[in-house]
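A short write-up of the structure that comes next.
The values are calculated or read from the model by the stated rules, or taken from the named source; none is laboratory data. Everything numeric here is computed off the predicted structure, so don't read it as measured data. All Cβ positions, even for glycine, are placed from backbone atoms using ideal geometry, and neighbour counts span all protein chains on display.
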Ligand SMILES: Nc1ncnc2c1ncn2[C@@H]1O[C@H](COP(=O)(O)OP(=O)(O)OP(=O)(O)O)[C@@H](O)[C@H]1O
Ligand SMILES: [Mg+2]
């Protein structure tokens, strides 16, 4: 039986760009799928197709047991969506925004008020509840948008980069809200650039790039694919990077990654703690001062880099200006 979110062969092109190039997904009920991929991979496009906002060129999708292409209105009634670009009304207060959503979903005025108050509390917006959303900071807007998506607790939720721009405390709180939702039976598809978030929340992970699924599995399965442990060294001074590199070259089982501004070198190894002790002795003999050294398992970041050829964080850093995806979108809307 297909899961609560099911897609087969989704294709969506924008001119020459194949934003989705045959995507299959199957998310069992009550689980979280983390959809990962670099900027422009097709994540938002997939979310838009599955939430009826965009028609695919071909393929099928079934959400909450309902055919997305045949019965979009019914699908809309069964899902919640929090988008990458917040959908709050700037001229309403936080409280009014949430009540309005409740009323759109046919709640009584009283229930809508009660739910709005709960959510304002839960998302740390109670103090700002009666200010217009226009005066909110970026993080506050994002929280209001998420709260709006949770006014009714739909069986299937989509969250496109829910915690981008949230500070660590608010991110942690949102994780708790998400865990509660899922414990209550909600199925969630979440896109994120924070791999730690996917690691923490997602039962299954699907990595896409150029509109295609390039890997899927649990976080542990993906890490196992990337290979064993690595030694990570932070040297005390920049001029010690090269000597450290030549030491590590004698122990490594693969390419040495160097991050010059953090003075960090990372190399895949086999041999565990015994090898680590040898590396430390060797570095010491060559006079390389160490700020930090350790043995660690691959992180989801390592997986991401090995699969897509670049880091998610780097992709984020590139977002100082509009992303490729935004640019594409703006152009097509003109
Ligand atoms: N409305 C549109 N018109 C033209 N091109 C579009 C449109 N929407 C998306 N694209 C293009 O489709 C591709 C996938 O975009 P999408 O927004 O799905 O990426 P994404 O994975 O969500 O990226 P990001 O991490 O930056 O949010 C990009 O090349 C983008 O430019
Ligand atoms: Mg996106």
Restricting attention to the range 150-177, and to residues there that are crowded, with 21+ Cβ neighbours inside 10 Å and more than 22 Å from residue 301 (Cα to Cα), which single residue is nearest to ligand 2 (Cβ to nearest atom)? 158
Residue satisfying all of: in the range 31-43; modelled with pLDDT of 95 or more and farther than 11 Å from residue 207 by Cα; farthest from ligand 2 (Cβ to nearest atom) among these: 31
Test residue 294 against the stated conditions and say whether it is at pLDDT 75 or above and either more than 16 Å from ligand 2 (Cβ to nearest atom) or assigned by TED's automatic domain parsing to the domain that holds residue 211 (or both). yes
Can you find even one residue in the range 195-208 that is surrounded by fewer than 19 Cβ atoms within 10 Å (Cβ to Cβ) and more than 28 Å from residue 276 (Cβ to Cβ)? yes
Condition first: within 18 Å of residue 81 (Cα to Cα) and part of a loop (DSSP other than H, G, I, E, B). Now tell me which residues in the range 116-165 satisfy that. 123, 150, 151, 152, 153, 154, 155, 161, 162, 163, 164, 165
Search the range 20-46 for residues that are within 23 Å of residue 186 (Cα to Cα) and pair each with any residue that is near ligand 1 (Cβ under 6 Å from one of its atoms) when their beta-carbon atoms are under 8 Å apart and the residues are at least 6 apart or on different chains. 23/42; 35/43; 36/43; 43/37; 44/84; 44/325; 45/19
Starting from residues that are in contact with a strand residue (DSSP E or B) (Cβ under 6 Å, 6 or more places away or on another chain) and within 16 Å of ligand 1 (Cβ to nearest atom), keep the ones in the range 140-161 and report whichever is nearest to residue 112 (Cα to Cα). 145
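Based on what the data block shows, is residue 188 crowded, with 23+ Cβ neighbours inside 10 Å and at pLDDT 90 or above? Can you show your working first?
Numbers: crowded, with 23+ Cβ neighbours inside 10 Å: yes; at pLDDT 90 or above: yes.
Yes.
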Is there a residue being within 12 Å of ligand 1 (Cβ to nearest atom), in the same structural domain as residue 195 (by TED's automatic domain parsing), at pLDDT below 95 and out of contact with any strand residue (DSSP E or B) (no Cβ under 8 Å at 6 or more places or on another chain) anywhere in the range 96-107? no
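Being modelled with pLDDT of 90 or more and within 21 Å of residue 42 (Cβ to Cβ) narrows it down to one residue among 232, 161, 121; which is it?
Numbers: 232 fails: within 21 Å of residue 42 (Cβ to Cβ); 121 fails: within 21 Å of residue 42 (Cβ to Cβ).
Of the residues listed, the single one that is modelled with pLDDT of 90 or more and within 21 Å of residue 42 (Cβ to Cβ) is 161.
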